[in-house]
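Trainee: Just dropping this structure here.
The values are calculated or read from the model by the stated rules, or taken from the named source; none is laboratory data. Here the structure is a predicted model, which means the values were calculated and not measured. With ideal geometry, Cβ positions are generated from the backbone for all residues, glycine too; neighbour counts draw on all protein chains shown. SASA here: full protein model, heavy atoms, side chains in, ligands and nucleic acids out. Shrake-Rupley method; radii C 1.70, N 1.55, O 1.52, S 1.80 Å.
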Amino acid sequence: MLDLKSASKLEIEELFKNLKIPLYRVRQLYHWIYEKNASTIDEITEFSKELRKSIAREAYISNIEILRSQVSLDGTEKFLFKLFDGETIEAVLMPEEDRSTLCASTQVGCAMGCLFCKTGSLGLKRNLKANEIVDQILALRRNSRKITNIVLMGMGEPLANINEVLKAINLMTEYLKLSPRRVTLSTVGIIDKLLLLPQMAPPINLAVSINAGDNDTRDFIMPINKKYPLEELVRALRKYPLKRGRRITLEYVLIKGINDHERDAIGLISLIKAIPCKINLIPFNPYKESIFQRPDEVDVLKFQKTLTDRGYSVFIRKSRGSDISAACGQLKGDYT
Ligand code: SAH
Ligand code: SF4
């Protein structure tokens with residue numbers, strides 16, 4: 001049986017040819033699966049009963065299952081999904097006045113091993129397929145949740161799964177009717193993959209987890225820095241082509257006593273010179289077993305001021321949903 005969501009267009013065309021179904025029906029099928037959110041072949045009422053029957057003998061539509069949802073005091077909602085092979089992932093929906101952003105996962109676990117991240121402590125179980133990434137949106141829309149923006153900032157490193165992530169981005173912008181400016185990919189900065197993005201994806205937003213102002217600190221908290229050190233990362237960002245008026249978002253997780261000192265801010269400033277950017281400061285969100293601590297409020301504000309004094313736009317990210325372990329870095333994809 002062919003899964004019409006994970007199959008390539010070519011495989012579906014092949015199937016339709018064999019079934020003597022004209023190929024314009026493939027386009028209709030995509031429309032029904034992704035725009036009209038059909039979860040079974042039988043729901044595709046634009047196809048005759050006969051036609052649906054004949055397709056259903058050879059194919060089906062897979063759907064990820066919502067195992068649990070939890071609502072935080074601040075309105076943030078966390079979802080636990082079950083995949084076809086029993087693996088589980090999480091996604092977080094953050095409703096605001098004018099938008100509703102879904103933080104979606106791209107991998108089951110993550111191989112990057114950042115020391116401050118719960119997902120990183122799990123290791124990588126497997127990559128998600130494009131349809132499993134997009135299904136996080138479809139499943140929630142089917143359950144009447146409104147989604148206007150996507151951030152690929154859930155479990156996993158998107159650029160370590162670039163092929164499926166690119167396919168998913170294309171589905172989002174082509175069929176799910178999300179404008180590329182409402183989609184953001186966040187990465188630790190796998191440079192060779194990063195440089196492919198402008199040619200291979202529509203003009204989505206880029207966020208880079210920089211997290212330190214010098215290599216020693218970054219080496220310690222982000223092992224990937226040994227392979228792609230800061231000076232190479234910022235060189236790549238300097239030449240990253242941006243649409244007019246757009247900026248790269250630099251994310252900086254502030255960890256008490258590790259990277260929250262004024263000298264870290266000064267290091268960061270000299271590093272990011274000439275990169276059109278805005279900066280998001282994320283005070284470290286603790287989780288069970290974490291070895292780090294949240295920074296003191298005064299140090300967060302001081303850090304912010306050092307950067308704003310130099311003319312940068314700097315936002316302190318509220319840790320949304322921390323009471324249900326839905327904040328950045330707390331996703332683990334299980335029940336406990
Ligand atoms: N792998 C990608 C996207 C997922 S992580 C990346 O690292 O960019 C999304 C963001 O959460 C990153 O900016 C990361 O630095 C941040 N993060 C991870 N663990 C955190 C924690 N415990 N507290 C606060 N932010 C955290
Ligand atoms: Fe992976 Fe991002 Fe967590 Fe690092 S911060 S371990 S890259 S999910």
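Trainee: Rounded to the nearest 20 debye, what is the charge dipole size of region 2-60 about its Cα centre when +1 sits on each Lys and Arg Cβ and -1 on each Asp and Glu Cβ? Write down the numbers at each step before the final one.
Mentor: Working: 11 positive and 10 negative charges, 32 e Å.
I would put it at about 160 debye.
Trainee: Using heavy-atom solvent-accessible surface (probe 1.4 Å) with all chains present, what is the largest-first order of SER6, SER186?
Mentor: I get SER6, SER186, largest accessible area first.
Trainee: For helix 297-309, what angle does its Cα long axis make with the longest principal axis of the chain, in degrees from 0 to 90 and rounded to 10?
Mentor: The angle comes out near 90 degrees.
Trainee: Turning to a different aspect of this structure: Could you list log10 I(q)/I(0) for region 134-209 at q = 0.12, 0.14, 0.22, 0.28 Å⁻¹, which the Debye formula gives when each Cα is one point scatterer?
Mentor: -0.31, -0.42, -1.01, -1.54
Trainee: While we're on this one: Explain nothing, just compute: Karplus ³J(HN,Hα) = 6.51 cos²θ - 1.76 cosθ + 1.60, θ = phi - 60°, for every residue of region 91-103 in order, whole Hz, x for Gly and Pro.
Mentor: Coupling constants for region 91-103: 9, 10, 9, 10, x, 10, 4, 9, 7, 9, 9, 9, 8 Hz.
Trainee: Right, next: I need the phi-derived Karplus couplings for region 123-137: 6.51 cos²θ - 1.76 cosθ + 1.60, θ = phi - 60°, integer Hz, Gly and Pro marked x.
Mentor: x, 9, 8, 6, 6, 8, 7, 3, 5, 6, 6, 5, 5, 4, 6
Trainee: Okay, moving on. If you filter region 245-298 for GluC sites (Glu not before Pro), then keep DSSP loop positions with at most 14 other Cβ within 10 Å, what is left? Intermediate values should be presented prior to the final figure.
Mentor: Values: sites: GLU251, GLU262, GLU289, GLU297; in loops: GLU289.
Qualifying residues, ordered by number: GLU289.
Trainee: With a Förster radius of 51 Å, plug the Cβ-Cβ distance of LEU51 and LEU242 into 1/(1 + (r/R0)^6) and report the FRET value to the nearest 0.05.
Mentor: 0.65
Trainee: Just flag the trypsin sites (Lys or Arg not before Pro) in region 160-207 sitting in loop per DSSP whose Cβ has no more than 15 other Cβ atoms within 10 Å.
Mentor: Numbers: sites: LYS167, LYS177, ARG181, ARG182, LYS193; in loops: LYS177.
Within region 160-207, the qualifying trypsin sites (Lys or Arg not before Pro) (loop, at most 15 other Cβ atoms within 10 Å) are LYS177.
Trainee: Listed highest first by mean packing, meaning other Cβ atoms within 10 Å per residue, what order do 212-221, 304-313, 108-117 come in?
Mentor: Result, highest mean Cβ count within 10 Å first: 108-117, 212-221, 304-313.
Trainee: Under a point-charge model restricted to the Cβ atoms of Lys and Arg (+1) and Asp and Glu (-1), what is the dipole moment magnitude of the chain relative to its Cα centre, in debye to the nearest 20?
Mentor: The calculation lands at about 900 debye.
Trainee: Please work out how much length the chain gains when fully extended from ARG99 to GLU65, using 0.36 nm per residue of separation minus the C-alpha to C-alpha distance, in nm with one decimal. Present the calculation step by step, with values, prior to reporting the outcome.
Mentor: Working: separation 34, 0.36 × 34 = 12.24 nm, distance 2.46 nm.
Extra length from ARG99 to GLU65 when fully extended: 9.8 nm.
Trainee: Here's another thing I want to ask about it. Would you mind getting me the FRET efficiency between TYR30 and ARG310? Use the beta-carbon distance for r and R0 = 56 Å, nearest 0.05. Could the numbers behind the result be given before it?
Mentor: Details: r = 48 Å, r/R0 = 0.85.
Computed FRET efficiency for TYR30 and ARG310 comes out at 0.70.
Trainee: Considering amide H positions built from the backbone, and no H for Pro or chain starts, which residues 5 or more places from ILE150, or on another chain, come under 5 Å of its amide H?
Mentor: It is LEU102, VAL183, THR184, by chain and number.
Trainee: Rounded to the nearest 0.05, what FRET efficiency do GLU231 and ASP74 have when you use their Cβ-Cβ distance and R0 = 30 Å?
Mentor: 0.20
Trainee: Kindly provide the helix-only [θ] at 222 nm of the chain, computed as the sum of -39,500 (n - 2.57) over DSSP H runs of four or more divided by all residues, to the nearest 500 deg cm²/dmol?
Mentor: Dividing the helical sum by the residues of the chain leaves -8500 deg cm²/dmol.
Trainee: Can you pull the three principal axis extents for the Cα set of region 31-70, in Å, largest first?
Mentor: 41, 20, 12
Trainee: Give me the one-decimal Kirkwood hydrodynamic radius in Å for the chain, with the sum taken over alpha-carbon pairs.
Mentor: Computed over Cα pairs of the chain, the Kirkwood hydrodynamic radius comes out at 21.1 Å.
Trainee: Quick one: helix 162-174 against the long Cα principal axis of the chain, what's the angle to the nearest 10°, folded into 0 to 90?
Mentor: 70
Trainee: Listed here are the pairs LYS273/LYS305; LYS9/LYS332; LYS82/LYS278; LYS125/LYS243; which of them are more than 24 Å apart at the Cα? Intermediate values should be presented prior to the final figure.
Mentor: Working: LYS273/LYS305 17 Å; LYS9/LYS332 33 Å; LYS82/LYS278 35 Å; LYS125/LYS243 35 Å.
The answer is LYS9/LYS332; LYS82/LYS278; LYS125/LYS243.
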